[in-house]
Amino acid sequence: MKVIQIGTGGWGKNHCRVLSEFGVLSAICDMNYERAKEFGEKYNVNYYKTLEELFENEEFDAAFICTPTSTHSELALQLIEKKKHVFVEKPMTYLSEDGERLVEEAKKKKVILTCGYIERFNPAVAHVKEYLKTKKFGDLIRLEFYREHRMPLHIKDVGIIYDTSVHDIDTAMWLFDETPQVVFAKSGQINHEHEDFATIMLGFKDSRIATISSNWITPTRVRNFNAVCTDGRIFSDFITQEIRIETDKGTETPSKQKEEPLSLEIRNFLDAIESKNELRVKSEHAVNVTRIAEAALLSSQKGIPIYLDIK
């Protein structure tokens, strides 16, 4: 299999590394030619400044898009029309209607389209998912997510909801195994032209709730969540992959093997192309995340809850 990558910036450089480790990286494209050259030489693959040059000179099976959000839709559409499998970093598109178009085009061209919602591949989250599936600690009634750190310098075209909160929007839907019925959000700006802090509430059926708190203000890097169940509380750290469980019987910390979520995510995409497994993040899931992000921004602007009807 031959895979090309478009964009080698803040997070994209990590995709280059993993694709190279898997032995499938065949070419790199970046409008910053010096960066394209740097990573092309580092991984001993061809490199280009424009997609047109790449199309003229390369034969490949799949592409990774790791560029600013505003460019995702156009790039993905070009690739899908050429019948290439496409992995788009999150969020898949800025507008949900653009995402819907990509989903339909991918179906027509019979190619795989997925999006980089990496926390589904975090072993800590996967273990929590298993606890919830077996109801070992009762029914899930509430999720609480916290993501805090200084503002990343490479994020310029979107605010914290589209860049950061979308991870937890997706994880909440994956753990509840359904879409929310209502969204209410408050956000604000301090150091960014878009919102740089936000709190989002997602209301699911039967009064179950997910709250998502994100900011680019505080200096300490925080990435964790709590799953509150009827018979216990499960704490999980996205970074350390630690799990801590609190019940009436006390506290336990299960020992689980750590793995790199990005490697698991990319392997899932590559294996799905070869029909070795099922794609974990379907393109429809990514469109739903964007719908909810849109609703969160609208709720914050209007100060009202936004009711949804997402299948």
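Since every read-out is calculated from the coordinates, none of them should be taken as a lab result. Predicted model, so just to flag it, every value in this text is computed and none were measured. Note that we place each Cβ from the backbone using ideal geometry, even for glycine, and neighbour counts take in every protein chain shown.
Worth a mention:
- Cβ charges +1 (Lys, Arg) and -1 (Asp, Glu), total dipole of the chain, debye: 540
- Cα gyration tensor, region 231-311 - rounded (a/c under 1.5), prolate or oblate: oblate
- DSSP beta bridges fully contained in the chain are about 60 percent antiparallel.
- Residues whose placed amide H lies under 5 Å from that of GLN181, excluding near-sequence neighbours: GLY203, PHE204, LYS205
- Long pairs among LYS136/LYS258; LYS109/LYS135; LYS109/LYS258, criterion Cα-Cα beyond 29 Å: LYS109/LYS135; LYS109/LYS258
- Cβ-to-Cβ counts within 10 Å put MET92, MET173, MET201 in ascending order as MET201, MET173, MET92, the fewest first.
- J(HN,Hα) series, region 161-178, from Karplus relation 6.51 cos²θ - 1.76 cosθ + 1.60, nearest Hz, glycine and proline x: 5, 6, 8, 10, 4, 4, 4, 7, 4, 5, 5, 4, 5, 5, 6, 6, 6, 6
- ³J(HN,Hα) computed for each position of region 188-198 - Karplus, 6.51 cos²θ - 1.76 cosθ + 1.60, integer Hz, glycine/proline x: x, 10, 10, 10, 9, 6, 9, 4, 10, 8, 7
- Put simply, the amide H of ASN46, placed in the peptide plane, has neighbours under 5 Å in ILE28, leaving out anything fewer than 5 places away on its chain.
- J(HN,Hα) series, region 296-311, from Karplus relation 6.51 cos²θ - 1.76 cosθ + 1.60, nearest Hz, glycine and proline x: 5, 5, 5, 4, 5, 5, 9, x, 9, x, 10, 8, 10, 9, 9, 8
- Cα gyration tensor category, rounded, prolate or oblate, for region 102-192 with a/c compared to 1.5: oblate
- When mean projected area of the Cα convex hull in nm² is calculated for this entry, the matching label among (i) 16.3; (ii) 17.9; (iii) 19.5 is (i).
- Residue exposure proxy: GLU265, GLU105, GLU260, ordered by other Cβ atoms within 10 angstrom of their Cβ from fewest to most, comes out as GLU260, GLU105, GLU265.
- The amide H of THR67, built 1.01 Å from its N in the peptide plane, has GLU89 as neighbours under 5 Å, considering only residues 5 or more places off or on other chains.
- Residues CYS115, CYS29, CYS66, arranged from fewest to most other Cβ atoms within 10 angstrom of their Cβ, appear as CYS66, CYS29, CYS115.
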